[in-house]
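The values are calculated or read from the model by the stated rules, or taken from the named source; none is laboratory data. Keep in mind that what you see is a predicted model, and the values were worked out from it rather than measured. Here the Cβ positions follow ideal geometry from the backbone for every residue, glycine too, while neighbour counts run over all protein chains shown. SASA here: full protein model, heavy atoms, side chains in, ligands and nucleic acids out. Shrake-Rupley method; radii C 1.70, N 1.55, O 1.52, S 1.80 Å.
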Amino acid sequence: MSGWELFLFSFLNLRVIAEYLPSIAAGFLLTVQLAALIIASGLALGLLLAVLRSLGSLVLSFAIVLFVDLFRAIPPLVLIVLLYFGLPNLGFAPSGFVCTWVVLALVLAAFAEEIVWAGILSVPRGQWEAARSTGLGFFATLRCVVLPQALRLAIAPLTNRTIAITKGTALGSVVAVSEILAQASAGVSFSSNPSPLTLGALAYLVLFAPMVLLARRIERRFAWRR
Amino acid sequence: MLSRPIIEARAIHKSFGPLKVLDGVDLVVAERELVFIIGPSGSGKSTLLRCLNRLEEPTSGHIVVDGIDVLAHRTDINALRRRIGMVFQSFNLYPHMTALGNVALALRRVVGLRRRDAEERARSALARVGLADKADAYPAQLSGGQQQRVAIARAVALEPRVMLFDEPTSALDPELVGSVLRVMRQLREGGMTMVVVSHEMEFARAAADRVLFMDGGRVIEQGPPDCLFGAPKSDRLRAFLRSLERH
């Protein structure tokens with residue numbers, strides 16, 4: 001076999017690909033569910049934490065900063081493994097899916113909180129004062145005046161972070177989550193051929209390329225006329 | 001013409017840390033009165049204005065606006081602020097909303113009008129400041145003078161009992177000042193009670209009922225504009241007026 005043929009046989013082996021397409025498709029669907037859960041809960045929690053921090057309570061802000069710094073500092077894989085193998089000792093054994101979801105959602109929340117908080121801080125004080133002077137309350141001001149401006153600044157780093165962290169679903173393969181990478185690795189082991197990995201890469205592309213495009217659309221939508 | 005006081009601020013003190021910004025200021029404003037506050041920068045005039053709607057919390061003192069104790073804890077400050085319009089030096093329009101959206105926001109969220117009613121009232125407020133044709137423009141598409149008029153419309157649309165102006169023309173190019181002063185004069189003629197912190201002395205001369213001169217956190221001198229400008233009693237006011245003439 002020539003080098004090219006060897007490459008095709010190893011990485012684009014159609015027979016192997018056809019054989020493992022169903023299992024990787026199943027892994028794809030599971031990954032989509034996991035990703036959707038992580039994004040929805042992570043962003044919602046991050047936004048909530050940023051709003052709570054804006055209340056200006058010293059105790060609350062300290063707790064939030066502690067959480068944020070912790071979850072930004074520790075590699076997610078460490079947390080997933082710790083949860084998955086540690087919690088059963090406490091008589092509570094969440095599945096690998098739940099562990100991966102919870103950890104990645106918390107990590108995303110930590111980063112999202114910092115990004116949104118930075119956005120809130122960047123809105124000039126005069127915006128708060130103008131809104132409050134017309135009788136708007138704290139939360140109405142936050143919702144109608146401050147957050148729209150803060151999120152506009154936050155949207156690009158937020159989508160970047162969201163995509164980066166959501167790709168961490170691959171870490172679930174370590175704790176028996178049958179997502180794309182786990183299915184592909186299994187395929188590689190059984191067939192002694194790395195083509196399932198190529199298929200896995202394609203599956204990730206199919207999942208994340210639309211997300212990148214969606215992020216661009218959101219960024220455009222949030223840009224108001226200057 | 002002057003009737004019962006609508007603003008009654010007594011013995012207002014305000015310190016930022018060790019810095020005394022207001023040192024026992026009294027300010028009583030009658031209904032339909034236009035009071036001008038002048039003074040060098042750092043004299044506490046803006047802080048005094050911001051205490052009146054509690055954007056700034058006085059260290060001590062009493063403030064009653066339209067019969068309501070501004071500083072009492074049980075006072076619904078948001079309901080009170082609706083009756084005290086405020087215009088800022090830097091306009092502070094919401095950049096993500098059109099002129100119409102800027103004016104309509106509080107009408108919807110504070111007054112509780114439905115969108116159509118709020119927008120109708122917002123349009124008539126914009127028309128009153130001569131910007132009916134700019135309803136759909138974003139702040140960045142407007143000149144400074146137009147932005148400040150939108151800000152005035154935003155406050156006036158709530159039909160406040162008092163309007164506070166914090167150096168409304170200081171951030172404007174000279175040729176744009178006139179358009180804002182015209183709108184303020186209109187408000188004045190409509191009987192609006194106004195407290196204005198500004199250096200527009202000609203406007204003060206022409207329109208003010210009373211001028212307060214502040215320095216070092218105190219009211220040094222006050223009276224009708226003719227007396228104050230024509231025959232200043234204190235050295236500090238004389239020095240201040242001279243420093244303005246030099247410009």
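The residues packed around residue A:67, meaning those with a beta-carbon under 15 Å from its beta-carbon, carry a net charge of -1 if Lys and Arg are +1 and Asp and Glu are -1. To the nearest µm²/s, what D does Stokes-Einstein give for segment A:22-95 at 4 °C and 1.567 mPa s, using the Kirkwood radius over alpha carbon pairs as Rh? The diffusion coefficient I find is 86 µm²/s. Taking label positions 7 Å along the Cα-Cβ direction at both residue A:36 and residue B:199, the computed distance is 6.2 nm, reported to one decimal.
Chains B and A: what accessible area do they bury, summed, in square angstrom to the nearest 100, with a 1.4 Å probe? Write out the running numbers ahead of the final one.
Values: alone 11940 and 12540 Å², together 22510 Å².
The summed interface area works out to 2000 Å².
Within the shell of other residues whose beta carbon sits under 11 angstrom from the beta carbon of residue A:210, the net charge comes to +2, with Lys and Arg scored +1 and Asp and Glu -1. In order along segment B:4-17, phi translates into HN-Hα couplings of 4, x, 9, 10, 9, 10, 10, 6, 7, 10, 8, 10, 9, x Hz, rounded to whole numbers, per the Karplus curve 6.51 cos²θ - 1.76 cosθ + 1.60 with θ = phi - 60° and x for Gly and Pro.
Per residue, how large is the accessible surface of segment A:1-88? Use a 1.4 angstrom probe and give square angstrom. Please report the intermediate quantities before stating the final value.
Numbers: 5230 Å² over 88 residues.
Ligands and nucleic acids excluded, the figure is 59 Å² per residue.
Each stretch of four or more DSSP H residues adds -39500 (n - 2.57); spread over every residue of chain B, this sum gives -11000 deg cm²/dmol at 222 nm.
Among the residues of segment B:135-166, which ones have their accessible area go down by 40 Å² or more when all the protein chains sit together, as opposed to their chain alone (1.4 Å probe)? Residues of segment B:135-166 that lose at least 40 Å² of accessible area once the other chains are added: B:138, B:141. For the pair residue A:18 and residue A:125, label points projected 7 Å from Cα toward Cβ lie 7.1 nm apart. Taking the accessible area of chain B, probe 1.4 Å, and keeping the other protein chains in place, the carbon and sulfur fraction comes to 46%. A Gaussian network model of chain B, with springs between Cα atoms under 10 Å, assigns the largest mean-square fluctuation among B:82, B:149, B:115 to B:115.
When you look at the Cβ of every residue in B:73-83, what mean number of other chain Cβ atoms sits within 10 Å?
On the way: counts 0, 0, 0, 2, 3, 8, 1, 1, 6, 4, 1.
For peptide B:73-83, the averaged partner shielding equals 2.
For the protein assembly as shown, the convex hull spanned by the alpha carbon atoms encloses 215 Å³ per residue.
Contact with the other protein chains removes 20 Å² or more of accessible area, compared with the isolated chain and a 1.4 Å probe, from these residues of segment A:142-170: A:143, A:144, A:145, A:149.
With the simple model of a label 7 Å out from the Cα in the direction of the Cβ, residue B:241 to residue A:2 spans 10.0 nm. Legend: calculated FRET efficiency, residue A:222 to residue B:173, from the Cβ-Cβ distance at R0 = 30 Å, rounded to 0.05, equals 0.45. Diffusion of chain A by Stokes-Einstein, at 10 °C in a medium of 1.306 mPa s and with Rh set to the Kirkwood radius over alpha-carbon pairs, works out to 80 µm²/s.
The 3J(HN,Hα) values that the Karplus relation (6.51, -1.76, 1.60; θ = phi - 60°) gives for segment A:93-109 are, in residue order, 10, x, 5, x, 4, 5, 4, 4, 4, 4, 5, 5, 5, 5, 5, 4, 4 Hz. Gly and Pro appear as x.
Amide H to amide H distances under 5 Å link residue B:219 with B:26, where only residues 5 or more positions off or on other chains count and H is placed in the peptide plane. Within chain B, the percentage of alpha carbon pairs spaced more than 31 angstrom apart rounds to 23%. Across chain A, C-alpha contacts under 8 Å between residues 6 or more apart give a mean separation that, scaled by the residue count, equals a relative contact order of 32 percent.
Excluding same-chain neighbours fewer than eight residues apart, the aspartates and glutamates reachable from residue B:14 by a Cα-Cα span under 16 Å are B:23, B:26, B:56, B:57, B:215. Around the amide H of residue B:9, modelled in the peptide plane, lie the amide H atoms of B:27, B:28, B:29, B:64, all under 5 Å away and 5 or more residues distant in sequence or on another chain. Between residue B:140 and residue A:55, the FRET efficiency estimated from the beta carbon spacing at R0 = 41 angstrom works out to 0.85.
Between residue A:174 and residue A:139, the FRET efficiency from the beta-carbon distance, with R0 = 41 Å, is close to 0.50.
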